[in-house]
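Asker: My structure is below; once you've seen it, I'll send some questions.
The values are calculated or read from the model by the stated rules, or taken from the named source; none is laboratory data. Here the structure is a predicted model, which means the values were calculated and not measured. FYI the Cβ positions are ideal-geometry reconstructions off the backbone, even for glycines, and counts take in every protein chain you see.
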Amino acid sequence: MSKIGKRPIPLPDGVQLELLEDRVLVKGPNGVLEQPYESKFVSVEVREGAVHVTRRGERAVFRSRHGLYRALIANMVHGVKEKWQRELELRGLGYRARLEGNALVMELGYSHPIRYEIPDGVEVEVRENTRVMVSGIDKQMVGQVAAHIRRFRPPEPYRGTGVRYRGEEVARKAGKVGVK
């Protein structure tokens, strides 16, 4: 039995889960999320204030979907109750960010500022010009937006400059050593 799949997902106060034919709809104080699932592989039911995901077979495809859908539903429940967050740090001389309307404008050492349009469903907040907080109810979207922002200038191993996740350790390399 899947260690992740067999654990029930508790439904906190203020969160409602609605089961449709082949979709799960989760409503909470922060919004509504919807996730389709393959009912031929797993069944989803609400009992005793918790969501239970069970698989319909024992082959590998059933086992893999079991953990997958349990994790996706748990992420949805967490997201509508408390938003997901990823924090980015800008490190480098003159690196800074600011918000202009619905766009994040970053100066990352290029000859021009980089303008990133923030997608719907994600909120971006700039703190201290060098810290960018990405938050939202959809975990996948928050992670994707943070990864996209990081990709504009990934951490560089020689000087350690670039955009990195908060707490990310970048392996530093030694520079050129004098040759005799």
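Asker: Quick one: Asp138 ticks every box in (1) under 25 Å from Glu34 (Cβ atoms); (2) not aromatic (Phe, Trp, Tyr); (3) not assigned by TED's automatic domain parsing to the domain that holds Leu108 except a single one, so which number is it?
Answerer: Answer for Asp138: the failing condition is (3).
Asker: Output yes when any residue across region 41-61 is closer than 30 Å to Phe152 by Cα, touching a residue at least 24 places away in the same chain (Cβ under 8 Å) and surrounded by 13 or more Cβ atoms within 10 Å (Cβ to Cβ), and no when none is.
Answerer: No.
Asker: Take the conditions more than 18 Å from Val163 (Cβ to Cβ), not charged (D, E, K, R) and not in a strand (DSSP E or B) and apply them to Leu68. Does it pass?
Answerer: yes
Yes/no matrix, rows are residues, columns are (1) of a type outside the set (Ser, Thr, Tyr); (2) more than 28 Å from Val42 (Cα to Cα):
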residue: Ile73; (1), (2): yes, no
residue: Leu88; (1), (2): yes, yes
residue: Glu100; (1), (2): yes, yes
residue: Glu117; (1), (2): yes, yes
residue: Val126; (1), (2): yes, yes
residue: Ser135; (1), (2): no, yes
residue: Gln140; (1), (2): yes, no
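Asker: Right, Asn102: among the polar types (S, T, N, Q), out of contact with any strand residue (DSSP E or B) (no Cβ under 6 Å at 6 or more places or on another chain) and in the same structural domain as Ala146 (by TED's automatic domain parsing) or not?
Answerer: Taking the combined requirement at face value, the residue satisfies it.
Asker: Right, another one. Within region 135-180, count every residue that is hydroxyl-bearing (Ser, Thr, Tyr) and more than 28 Å from Ile118 (Cα to Cα).
Answerer: 1
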